[in-house]
1. Kindly indicate which of 57, 17 is loosely packed, with under 11 Cβ neighbours inside 10 Å, more than 8 Å from the chain's Cα centre (by Cα) and either in a helix (DSSP H, G or I) or modelled with pLDDT of 90 or more (or both).
2. Write out, first by first residue and then by second, each pair whose Cβ atoms fall under 9 Å of each other, whose residues are 6+ apart or on separate chains, and whose first residue, in the stretch 30-48, is free of Cβ contacts under 8 Å to residues at least 40 places away in the same chain and on the phi < 0 side of the Ramachandran plot while the second is assigned to a strand (DSSP E or B) and exposed (fewer than 11 other Cβ atoms within 10 Å of the Cβ).
3. If you go through the stretch 29-44 one residue at a time, do you hit one that is out of contact with any helix residue (DSSP H, G or I) (no Cβ under 8 Å at 6 or more places or on another chain), modelled with pLDDT under 95, part of a helix (DSSP H, G or I) and surrounded by 13 or more Cβ atoms within 10 Å (Cβ to Cβ)?
């Protein structure tokens, strides 16, 4: 399975939250991310899971 990583900025846009909020989610352990050199990258599967959880909460 190929993992695709996106930047914090792209992930925040997909989740409709600010970059600051997304970084807080990462710090709190709500989203997993990896730091490569000086950039935090988020796996797209983490974003999809977060979107699924978000939809479940709003139902």
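1. It is 57.
2. These pairs meet every condition: 41/35.
3. The answer is yes; a qualifying residue exists.
The values are calculated or read from the model by the stated rules, or taken from the named source; none is laboratory data. Given the structure is predicted, the values throughout are model-derived calculations rather than measurements. Note that each Cβ is placed from the backbone with ideal geometry, even for glycine, and that neighbours are counted across all protein chains shown.
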